[in-house]
Amino acid sequence: MIVALFAAVAILAPLLMLRDRALWRCLGCEAGALLVFGALAAFARVLRVSVDPYLAMVAAGAVVLTIVCAFVAFADEVRWSANRAALLALLFYILMIPLMLRTPLDGDEPYYLLIAESLVHDRDLDLGNQFADLSRTASGRTDLVPQLGDRVTPGHVRSHLEPFLPMLIAPGYAVAGLAGALLTIALFGALLARSTVRLFEDEGISDAATRALFPLFAFGPPIVFYAARLWPEVPAAFLFVEAVRGVRQRRVGRWVGAALGLVLLKVRFALVAVPLMWDGFSNPSRRTGWRTRPTWIIAGVVLLVALIAGTHRLRELVPESARAYPIGLFGLALDGAAGIAFQAPLYLFGLIALARWRSMPEGFRLGMASAALYILVLAPRSEWHGGWSPPLRYIVFLVPFLALGAAALYERIAPAPLAIVAVWTVGLVIHGAAYSWRLFHIANGENVAEEWLSKAYHSDFSRLFPSFIRPNFAALVASVLLVAALVIFRSGRFLRPTIVAIAIVLFTIAGTRPGSRIDFEDAHVIHRGGELFPTEYQVARFVFHGGWMVRPGESMSFLTKAGPARLRYVSEGGATIQIGARAFVLPPTAPNTYNVMPVFVDRQGRVELRCLAGTVNLDWLRHD
Amino acid sequence: MLSDLALVVAVLLACVWVARGTRWMAAIECSLPLLAVAIVVFPDERTRLFACGAIVAVAFAGAALVAREGWVLVIAGVALLRWIPLREVEAWRELVVLAGALVLFGVRASRLYSPSVSPGDEGGRAGRPADAGGTPALHLIAVFAVAAVTPVHPGKAALIPLLLAAVMMWDRLQPVLAAALLATVPFARWSLVPILVTAAFALLIPYIGKLRPLVYAAALALFAMWPWSGIVARALPVVARFEPPTGTVRVVGWALGRGEEATLAIPHARHVIVNASAASGSGLPAGTLLGTIDAGTCTRSVRIGDVADFGFTRRPHFFAARNPLPRITRGDIRGYGATAWLHGAGAIGVACSGDFASLRFRAAATLPPGARLQIESVELPAR
């Protein structure tokens, strides 16, 4: 089915967007690319090249569709309009749905579906009977249990998730089951694409810039993944764009309705809707006839809904520590697993646009200003990275405005950084589409690329990627570089791909050398027995200190430096371990209380750590 | 090898340089970090080389479409196709081939019109192929095809590109000569076929403008195989003749001289596949009897064509060899770059109406002195 869908999209997309010579050239290029892939596949078979055929198929499809996008972006004979862009997006998102469904729904998705099923079948929000008979759920997840925060009474379960998204997908579900529900979200994705193009037009972005960035926005992460999954983020992004456009165009019905929908989708979006309303009411330039009593009433309803329907409490707005702010803020921008730089690099230009606030379009400023409170509340929270979800979950709604900032800068950006971003984006899409389950990653400070490299070389590559989930030195360096880039960025012409290539080589060389800190749960550590602590699917795992639990006879080996070091561990009964040729007795600790103990590593290189007695959860080993 | 990697990087930098000033330069330059990623990420050598091949080919194709200095790409492309591995380059002979390729490109690219837009001659006869025609990219493809298959053993064969360039001076002669070369192919020994076909292709460039997309696609796919350019140049049909091994492979490793025989006991079976090759048999023409396989209830002859000399596709031996590629091969590819070669072992099915438990291999009494029938392995049915 995927191949048939792909063929349909590959033919329909050029017909929809191109005309005359560009159309035929695009179709020719697509056919040529398929021929090349066919020939390469034949060669690969003879050469016994070990590539996952599914990945190869997805990559081939992505490259062919990239050709279409390149023609849309750069050809002269293009049929370009917001509606056509939306249809193109819809085609792509429909193609993404079966790719995302390769593995069952994950995160909050099956719960949203469960609520929708309850609405359709029982006409209520009580999930008690749904949980009692999970074999009937279309998600195929029979392992579901009520989530943390759900109201559970005997025989009744009321989800803590807002019911508005299930209400939106319920008609689709009623018609076509899970596919119908996902199609509903894809439809919202298409509407988002349309609204974003219209937003660009409203804000005076040229057609050339819009066409060039549209594929990166609509078919790049995070939108492309969220548009084919059951999360409220894409509908929220659509409503947010519509709300800002409504405020800008003084169309009260549009923006109040959109803001209300936004808050109903997720109560946390009240932090966006309220500043937006504030702007709408207080900006003298917009004080016109629309500031009427019904408007105030609707706005009041938004706030009321936020206060009553939400499970959140006002005290959540009080930050826990000042340190959490930079970690969250820079993490959202730079974290290797959950940051913009690695997961959706196009929006780095949006961040740079923030630093050129005054010269940015007003729509960008309004959107970002409205989201400022939300971001400030999000940043210090321990779940700033999104938890168990595809990357950038909490800022998906904001990316149309980051894209707008990037579009406003487009004429100034040199081709080289744009090319790097485009290539990286294509790579991310291929990876996410081929291995949809890898979009979910435990928040342990590593990402998929780090794990791959660490496993391949049995060396710690994770320390070279900035991590704000488990803050490291690379994070500090990256933060300084980001601040410098925000200040000095002009066109980025010095960021040549050649420099990136040299950096990759240097990083690889550095990565194969021992680091100063070994986190025992990391992929580069060769585990012989033992288990991850907490387990991978522990709810809110990120609030725990991680580690690797070992018992007598179990061991692990890793590359390390020689000399004195400190070991962090938990062991209620105490334990004895051996590092290299030396044994160490680890004193007992209080339950769930980590202790740090000095140890000595007798040689540099691969060292084995063996548990001789007791049970111990080993967190890290750090050289001073 | 690091030196080979340096050569590949130099080729990519040449691609970037020829694309300077165009909007594609940055995209082509992205091949450098992609190459670095491919080298770092893929632990398996073949996968790594395969990825590198595809990345460099795409960058090269991009450069070929926008390049102004085509001669730079000729040097880069010939180096990529012929000079890897660098440690085995025979410098003087390769320089002759390179010079020939440059001259060939010069002759082709110096003509301005294509037949389809020929202004016609003074007599008003339009459509006459008054010149070389084609596009710079097509010329490059033709030059690379000729350069890739040009042997340097014997040394005088290195002059083939120059000879072809000289022939191209006579425009009217080109289609006739191309037709003659193609007509010769069915009768020529296998080692001459790649040369004849590519020479005919180079001569026909002015006439294949309509097939340009197909040619580009085929060229891109073949060029992506530069990490095994020796295979593409000397054993391309392996793609069609490859069949993966079936069943359990038992290595045998026997070499039987003239008239010698040996018996191999196997589990009871009705059908096995024997992988065999010849040694010192590259001069034997197709159909020459190498020996027989006697399964008791049935006998199977082994001929050149079923199998080939094990190393006849090696670069120094290929031109003189008279063997064709085996009909069915297990695709045992050795080496990389221009020196990559295909082991000449062929797969021979032995099927009898009844079970058999032994195979008796007998080398033909007519084998030349020094020639051997080599039994590489036996594939037993999976149980």
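Size descriptors for the protein assembly as shown, from the alpha-carbon set: Rg then Dmax equal 33.4, 109 Å.
What does the C-alpha gyration tensor say about the overall shape of the range A:450-505? Classify as rounded when a/c is under 1.5, otherwise prolate if a/b is larger than b/c, or oblate. Because a/c hits 1.5 or more and a/b fails to exceed b/c, the range A:450-505 counts as oblate.
Ranked for footprinting exposure by Cβ neighbours inside 10 Å, fewest first, A:CYS26, B:CYS30, B:CYS352, B:CYS15 give B:CYS352, A:CYS26, B:CYS30, B:CYS15. Angle check, please: helix A:473-488 long axis (alpha carbons) against the longest principal axis of chain A (alpha carbons), in degrees 0 to 90, nearest 10. So the helix axis and the longest Cα principal axis differ by about 30 degrees.
Loop sites by DSSP among the GluC sites (Glu not before Pro) of chain B, restricted to those with at most 14 other Cβ atoms within 10 angstrom, leave B:123-383 as the longest stretch without any of them.
For chain A, the longest principal axis of the Cα atoms and the long axis of helix A:497-511 meet at an angle of about 30 degrees. Taking 0.36 nm per residue of separation and subtracting the current Cα-Cα distance, fully stretching the chain between A:ARG84 and A:SER516 would add 150.1 nm.
Annotation: amide H of A:ALA575 within the under-5 Å range of A:LEU586, sequence separation 5 or more or interchain, hydrogens built in the peptide plane. Note on B:LYS156: aspartates and glutamates with a C-alpha under 16 Å away, same-chain residues under 8 apart excluded, are B:GLU90, B:GLU94. Residues in the range A:585-592 carry Karplus couplings, in order, of 9, 9, x, x, 10, 5, x, 6 Hz; the curve used is 6.51 cos²θ - 1.76 cosθ + 1.60 with θ = phi - 60°, and Gly or Pro positions show x. Summing Cβ point charges (Lys, Arg +1; Asp, Glu -1) relative to the Cα centre of the protein assembly as shown gives a dipole of roughly 1560 debye. Cβ crowding within 10 Å ranks A:VAL272, A:VAL157 as A:VAL157, A:VAL272, fewest other Cβ atoms first. Normalised by the number of residues in chain A, the mean separation of alpha-carbon contacts (under 8 Å, six or more apart) gives a relative contact order of 11 percent. Could you calculate the FRET efficiency of B:GLU45 with A:PHE494 from 1/(1 + (r/R0)^6), where r is the beta carbon distance between them and R0 is 35 Å, rounded to 0.05? Here the calculated transfer efficiency is 0.50. Residues A:PHE397, A:PHE461, arranged from fewest to most other Cβ atoms within 10 angstrom of their Cβ, appear as A:PHE461, A:PHE397.
For A:LYS455, the lysines whose Cα comes closer than 21 Å to its Cα, not counting residues fewer than 8 places off in the same chain, are A:LYS561.
Think of it this way: in the protein assembly as shown, A:CYS26, A:CYS29, A:CYS69, A:CYS611, B:CYS15, B:CYS30, B:CYS52 stand alone, with no other Cys Cβ under 4.7 Å.
Against chain A, whose longest principal axis comes from its Cα atoms, helix A:207-218 is set at around 50 degrees. Is the shape of the range A:32-139 best called rounded, prolate or oblate, per the rule: a/c under 1.5 gives rounded, else a/b larger than b/c gives prolate, else oblate, with a ≥ b ≥ c the square roots of the Cα gyration tensor eigenvalues? Oblate. Annotation: the antiparallel percentage among DSSP beta bridges lying fully within the protein assembly as shown is about 95. Computed from backbone phi, the HN-Hα couplings of the range A:526-539 come to 8, 8, 10, x, x, 8, 6, 10, x, 4, 4, 9, 4, 5 Hz, rounded to whole numbers (Karplus: 6.51 cos²θ - 1.76 cosθ + 1.60, θ = phi - 60°; Gly and Pro given as x). Amide H contacts under 5 Å for A:LEU18: A:ARG79, restricted to partners 5 or more places along the chain or on a different chain, H placed in the peptide plane at 1.01 Å from N. Label sites at B:ALA188 and A:ASP602, each approximated as a point 7 angstrom past Cα along Cα to Cβ, lie 7.0 nm apart.
Each label was represented as a point 7 Å from its Cα along the Cα-to-Cβ direction; for A:LEU12 and A:LEU55 these points are 3.0 nm apart. Within chain B, the whole DSSP H helices whose Cα atoms reach 27 Å or more along their own axis and whose mean Kyte-Doolittle score is at least 0.0 are B:45-66. Under the convention that each Lys and Arg Cβ holds +1 and each Asp and Glu Cβ holds -1, the size of the dipole of the range B:303-362 around its Cα centre is about 180 debye. Hey, with R₀ at 22 Å, roughly what FRET efficiency would A:ASP624 and A:SER321 work out to, going by the Cβ-Cβ distance, to 0.05? Step by step, r from the Cβ atoms, then E = 0.30. With contacts defined as alpha carbon pairs under 8 Å and 6 or more residues apart, what's the relative contact order of the range A:326-449 in percent? It comes to 35 percent, rounded to a whole number.
Throughout, read-outs are computed from the coordinates displayed, never taken from laboratory work. Nothing here was measured: the structure is a model prediction, and the numbers come from that model. Neighbour counts run over all protein chains shown; Cβ positions are idealised from the backbone, glycine included.
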